[in-house]
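S.K.: Let me begin by handing over the structure; questions about it come next.
The values are calculated or read from the model by the stated rules, or taken from the named source; none is laboratory data. Quick caveat: nothing in here was measured; it's all calculated off a predicted structure. All Cβ positions, glycine included, derive from the backbone under ideal geometry; neighbour counts span all protein chains shown. Just the protein is used for accessible areas: all its heavy atoms, side chains included, with ligands, DNA and RNA removed. Shrake-Rupley method; radii C 1.70, N 1.55, O 1.52, S 1.80 Å.
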Amino acid sequence: MKLVSYNIQYGFGGDGRYDLSRCAKIVAGADIIALQEVERHWLRSNEDDQPELLSRLLPEHYWVYGPAFDMDASERRDGRIVNRRRQFGTMLLSRLPIVWSRLHTLPLRRTVRPLNTRNAALECMIHTPAGPVRVLSLHLAHIAAEERLEQIDYLLAEHRRAPSDGGPWSGADDEPVRNWSNGEPEPENPLAAIWTGDFNMEPGSAEYRRIVGSTPYHRGAAYLNGFVDAAVASEPPTDFHTHVKTIDGSLAKRRLDHCFVGGMFADRVRSVSVDIGEIASDHFPLRVDIDLETPFATGVEGG
């Protein structure tokens, strides 16, 4: 299956032009699409409802939107209140149904300067041919490593207890007349997971090591409840970066966008690439080809 992660910078390209359709065309061929910096009802983007517009541009995909923050953008029309929310967050689209989702609002440190905003991780459970997988589209803090480490620790704790926590509901329905289960079996909440998005960190950083660990004697090690960098698993091209920015007068090529796959996927990553040169955003799209067709061995997914 083909995955793509793309920080679309709310539709503004490197050329300063606002055009959501460019972003949609770039990701259209993927089976699972993780987008960051998607917004609703901002003046800078014509007060567009971007999740709705993107869903129309990508009509073959199911989708969920997760706002990291939510503020009033309502207005009065013809004597009544038109309720609208100004939102900014992450989105996930999938050719396969998204069985359930939940939004993790991540720890935030209040700043004096510069501007700091709430971050979030949108978690979506997709039942792939391989088995159930939790896919997260996330965006971590851009200011400091300490804040990102707190956010990563939160997500790791949620990840490791997922199978014991269960999904949206669990247990037998003891009030069948109320039909809480809607006639469906208990939703799965597997250990198998993929994290992808804009992590605002580079390989080798403290945050990066917090996710993949440090394995000096066994570089190919993969823990069942841990994560592996998909790019490392697939030996990507030498010139591999997802963001370019001039910092202190020098042009910096940085790999800020990543895909981390659960240990059970360590040998399933087929390729990782970046569309270097795309100008629909200030980031480049990250593409991952991974085997989510071959069924898991019994019990491996940890569901």
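S.K.: May I ask you to verify whether Arg148 is over 17 Å from Leu224 (Cα atoms), surrounded by 20 or more Cβ atoms within 10 Å (Cβ to Cβ) and touching a residue at least 24 places away in the same chain (Cβ under 8 Å)?
M.R.: Criteria met by Arg148.
S.K.: When Met264 is evaluated against the numbered criteria (1) hydrophobic (A, V, I, L, M, F, W, C); (2) open to solvent by less than 30 Å² (accessible area, probe 1.4 Å); (3) touching a helix residue (DSSP H, G or I) at 6+ places or on another chain (Cβ under 8 Å); (4) within 17 Å of Leu292 (Cβ to Cβ), which criterion, by number, is the only one it fails?
M.R.: Only one criterion is unmet by Met264, namely (3).
S.K.: Given the conditions (1) out of contact with any strand residue (DSSP E or B) (no Cβ under 8 Å at 6 or more places or on another chain); (2) among the aliphatic types (A, V, I, L, M); (3) open to solvent by less than 50 Å² (accessible area, probe 1.4 Å), report the number of the one that Ile26 does not fulfil.
M.R.: Every condition holds for Ile26 apart from (1).
S.K.: Would you check which residues across segment 35-57 are polar (S, T, N, Q) and either surrounded by fewer than 14 Cβ atoms within 10 Å (Cβ to Cβ) or closer than 12 Å to Leu20 by Cβ (or both) and list them?
M.R.: Correct list: Ser45, Asn46, Gln50, Ser55.
S.K.: Looking at this structure, is Glu123 within 29 Å of Gly263 (Cα to Cα), among the acidic types (Asp, Glu), in a strand (DSSP E or B) and open to solvent by less than 40 Å² (accessible area, probe 1.4 Å)?
M.R.: So Glu123 passes the test.
S.K.: How do the pairs read when you match residues in segment 3-17 that are over 16 Å from Asn46 (Cα atoms) with residues anywhere that are basic (Lys, Arg) and not in a helix (DSSP H, G or I), using Cβ under 8 Å and keeping only pairs 6 or more apart or on different chains?
M.R.: Hits for this filter: Leu3/Arg287; Val4/Arg287.
S.K.: Suppose we keep only residues that are small (Gly, Ala, Ser) and crowded, with 19+ Cβ neighbours inside 10 Å within segment 156-205. Which one would you say is nearest to Met264 (Cα to Cα)?
M.R.: Ala192
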